[in-house]
Number of protein chains: 2
Amino acid sequence: MLDLSSRLAIVTTPRTPYLMLDRSVASANIARLRERIAGLGVRLRPHLKTTKSVDVARLVVGDVPGPITVSTLAEAFAFADAGYTDILYAVGIAPAKLPDVYALQARDVRLTVLLDSVAQAEAVAGSAPALIEIDCDGHRGGVLPGDPLLLDIAAALGAPAGVLVHAGESYHARSIPELEAAAENERAVAVEAATRLRAAGHECPIVSVGSTPTAHFARDLTGVTEVRAGNYVLFDLVMAGLGVCTPADIAAAVVVTVIGHNPGKGWIMTDGGWMATSRDRGTAAQPVDQGYGLVTALDGTIFPDLLMVDASQEHGTLALREGSAEKLPDLPVGTPLRILPNHACATTAQHDGYHVRDTPGGELTAYWPRVRGW
Amino acid sequence: MLDLSSRLAIVTTPRTPYLMLDRSVASANIARLRERIAGLGVRLRPHLKTTKSVDVARLVVGDVPGPITVSTLAEAFAFADAGYTDILYAVGIAPAKLPDVYALQARDVRLTVLLDSVAQAEAVAGSAPALIEIDCDGHRGGVLPGDPLLLDIAAALGAPAGVLVHAGESYHARSIPELEAAAENERAVAVEAATRLRAAGHECPIVSVGSTPTAHFARDLTGVTEVRAGNYVLFDLVMAGLGVCTPADIAAAVVVTVIGHNPGKGWIMTDGGWMATSRDRGTAAQPVDQGYGLVTALDGTIFPDLLMVDASQEHGTLALREGSAEKLPDLPVGTPLRILPNHACATTAQHDGYHVRDTPGGELTAYWPRVRGW
């Protein structure tokens, strides 16, 4: 049974599993992309779908609200409440969501919507600024830049606000040259679509491109007016596998506690399962599969080859990577550990907020809530 | 632009994606297992980790709180607030969590903890009722019933409350006989461990077994005192793939809206991505892979061979199953659809609560919040 002082020490820290954010690491990531995009002469419109936090947004944007991108109307309302007035809602608009768009506009928010069909354009026409989604790599939605449909949508809108491209396939690149090529393709397709619209008499003021990989590897953004990226604030093992960052740049991790061992199988059990990490296994499709995540000490030191190899709802199984020559570290019951995420967007979404420390190894200094739901 | 009456109709329904619960379907699932377990002469201790809702618990347990199982202390506190006083916390206890266990006991909650090491037993000894976790299939944690460690843990505890077994490998069964064998193995291992403890002079009053598959296929539970199961309230495509239920028994689904089409690829795009469904792809390991889920109309009618085949954060891609002879249904922009989950525990956890209707096809009648966090 624990003595009183142990009990008191414990109640001042959150119960594991919890989400930890290293503020200095995030700030360095933010500064890196800000300088890069400024050097290319383009505006950054950060995508806040990864971090979903007004407090993190302040690190990204600064104290004066600027242009942002969101993935849900819940985010749009939360950031409008925090004073943001230039918001791009970058998911194809369902007509049933227009009343919420109008409600935001009535609060003097310029909420720009996204669409890729005549049906959507007819529902939106004249009532909200709208970007036309252009398909650059067959990844998801969007109109091909040469498709006659592009001009039909523009005509239905009357005055399209511009075009938007997202190089979703860049997440599957295998080399830096492939990432550079994905970035140039994203730019070229966006500019091609804008040029066609302008030739047809539309002003098309906005040419919006972006993904975290392409934002970090674009060499030229001629013709582009703004870049969107969001994951880069936190980064993750998928981005490290792509070569966009290193594991040391990963700013958010799940803190778990050792709750048992299976020496015969070389397993260390923790109290953090997929409920805490998400089921995302993005690195499974990469050359180096990181399981459910790399394991670090609380101060950020990586245990070589130690992975979270399996997960049930509230249990994690840690083991050495198959074929590793390392020795399983001695981590007694009660040891706190950090699990670096495969995919920051998915892992952070499993948590209601961030327990923040200023620097790796420091004490927790703040709690920053996340926006939930839709 | 939408007319006023369309706007009014829309604001009375939730924004998609949202989580929908069919109460009558859940109630039928609940009645089925309740009758089955009663017929085997054993007490049911439902696991509320799947549904995480005081309102759903009322369907499961009735108006008078009874014995329950939880997977987090956040659930334990929420159900204690709702009047539950007999709670099993079925994740290996981290000593740092004991102050919360004591806080619950101070509120006259009998909170039983779980452990499988001497270190945990020494931390808990005498301060809380504790079950010893027994390993029946090498799935996760637990002590083998014949391991000398079992008696060491019991000695450290002084008076173990009993043993607990979870047949986690039953989720990978391939036939009804395999499920029946997994249930009998779970029972036999639990009874073997209890018998050893009793031979060593421990009373061992509780012999707890359970998983949704084994609970539905156990033919005899001699020696068992209680059965835990949770998923069965909602069921999902993994359980349907195992033969434990049919797709019509699945009580919770994600409602999404069509936002676009890619006729060239045979894709229908929706506003429900992995943020709404989770990344869980449990059926990928089964003979029939259901993608991110089967697609139904709002009234529950399944569109033959139509799957959610891909997901990004807030986009779902629907397409016909590979090799299907079906024709892609005509589903215009704005059509609401339901996605049946691979794994109810994971999908429901992406949502803050359930939008409830009494019967499939009926109107929404209630909103039931879920317990979040740890």
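Results, tabulated for the structure shown:
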{"read-out": "Selection count where residues are surrounded by 17 or more Cβ atoms within 10 Å (Cβ to Cβ), farther than 19 Å from A:Gly300 by Cβ and within 14 Å of chain B (Cβ to nearest Cβ), scope region A:318-350", "value": "7"}
{"read-out": "Every residue from region A:152-187 that is surrounded by fewer than 17 Cβ atoms within 10 Å (Cβ to Cβ) and of a type in the set (A, V, I, L, M, F, W, C)", "value": "A:Ala155, A:Ala159, A:Ile176, A:Ala181"}
{"read-out": "So A:Gly300, is it on the phi > 0 side of the Ramachandran plot, assigned to a loop (DSSP other than H, G, I, E, B), touching a Pro at 6+ places or on another chain (Cβ under 7 Å) and not assigned by TED's automatic domain parsing to the domain that holds A:Ser27", "value": "yes"}
{"read-out": "Condition met for B:Val209 (farther than 19 Å from B:Leu306 by Cβ, among the aliphatic types (A, V, I, L, M), buried (at least 21 other Cβ atoms within 10 Å of the Cβ) and without any contact (Cβ under 8 Å) to a residue 60 or more places away in the chain)", "value": "yes"}
{"read-out": "From A:Thr317, A:Thr348, A:Thr296, A:Thr335, residue being within 23 Å of B:Tyr171 (Cβ to Cβ) and β-branched (Val, Ile, Thr)", "value": "A:Thr317"}
{"read-out": "Lone unmet requirement of (1) surrounded by fewer than 21 Cβ atoms within 10 Å (Cβ to Cβ); (2) in a loop (DSSP other than H, G, I, E, B); (3) in contact with a helix residue (DSSP H, G or I) (Cβ under 6 Å, 6 or more places away or on another chain) for A:Glu122", "value": "(2)"}
{"read-out": "Tabulated pairs, region A:165-183, first closer than 24 Å to B:Asp310 by Cα, second exposed (fewer than 14 other Cβ atoms within 10 Å of the Cβ) and aliphatic (A, V, I, L, M), C-beta under 8 angstrom, 6+ apart or interchain", "value": "A:His172/A:Ala285"}
{"read-out": "Qualifying residues in region B:191-200 (those that are out of contact with any strand residue (DSSP E or B) (no Cβ under 8 Å at 6 or more places or on another chain) and in a helix (DSSP H, G or I)) - the one nearest to B:Asn342 (Cα to Cα)", "value": "B:Glu192"}
{"read-out": "Count of residues meeting criterion [within 11 Å of another protein chain (Cβ to nearest Cβ) and surrounded by fewer than 23 Cβ atoms within 10 Å (Cβ to Cβ)] in region B:74-94", "value": "2"}
{"read-out": "Residue in region B:153-190 that is farthest from B:Asp135 (Cα to Cα), counting only those that are part of a loop (DSSP other than H, G, I, E, B) and within 18 Å of the chain's Cα centre (by Cα)", "value": "B:Ala173"}
{"read-out": "Scan of region B:42-59 for residues that are in contact with a Phe, Trp or Tyr (Cβ under 9 Å, 6 or more places away or on another chain) and assigned to a loop (DSSP other than H, G, I, E, B), ordered by number", "value": "B:Pro46, B:Leu48, B:Thr50, B:Thr51, B:Ser53"}
{"read-out": "Condition met for B:Asp289 (part of a loop (DSSP other than H, G, I, E, B), over 25 Å from A:Asp147 (Cα atoms), in contact with a Ser or Thr (Cβ under 7 Å, 6 or more places away or on another chain) and of a type outside the set (Phe, Trp, Tyr))", "value": "yes"}
{"read-out": "Residues within region A:14-31 that are within 14 Å of chain B (Cβ to nearest Cβ) and of a type in the set (A, V, I, L, M, F, W, C), tallied", "value": "2"}
{"read-out": "Residue count for region B:315-336, restricted to those that are under 16 Å from B:Gly291 (Cα atoms) and either touching a residue at least 60 places away in the same chain (Cβ under 8 Å) or not in a loop (DSSP other than H, G, I, E, B) (or both)", "value": "5"}
{"read-out": "Sole exception among (1) touching a Gly at 6+ places or on another chain (Cβ under 9 Å); (2) of a type in the set (A, V, I, L, M); (3) assigned to a strand (DSSP E or B); (4) over 23 Å from A:Arg196 (Cα atoms) for A:Leu111, by number", "value": "(1)"}
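Okay, residues lined up against (1) in contact with a Pro (Cβ under 6 Å, 6 or more places away or on another chain); (2) away from chain A (no Cβ under 14 Å); (3) in a loop (DSSP other than H, G, I, E, B):
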site	(1), (2), (3)
B:Glu203	no, yes, yes
B:Gly241	no, yes, no
B:Cys245	no, yes, yes
B:Val254	yes, no, no
B:His261	no, no, no
B:Gly272	yes, no, yes
B:Ala276	yes, no, no
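Residue by residue, here is whether (1) within 12 Å of another protein chain (Cβ to nearest Cβ); (2) closer than 24 Å to A:Thr85 by Cα; (3) touching a helix residue (DSSP H, G or I) at 6+ places or on another chain (Cβ under 6 Å); (4) in contact (Cβ under 8 Å) with a residue 24 or more places away in the chain holds:
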{"position": "A:Ala106", "(1), (2), (3), (4)": "no, yes, no, no"}
{"position": "A:Ser127", "(1), (2), (3), (4)": "yes, yes, no, yes"}
{"position": "A:Cys136", "(1), (2), (3), (4)": "no, no, yes, yes"}
{"position": "A:Glu186", "(1), (2), (3), (4)": "no, no, yes, yes"}
{"position": "A:Arg198", "(1), (2), (3), (4)": "no, no, no, no"}
{"position": "A:Pro213", "(1), (2), (3), (4)": "no, no, yes, yes"}
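The values are calculated or read from the model by the stated rules, or taken from the named source; none is laboratory data. Bear in mind that the values here come from a model prediction, so they are computed numbers and not experimental data. All Cβ positions, even for glycine, are placed from backbone atoms using ideal geometry, and neighbour counts span all protein chains on display.
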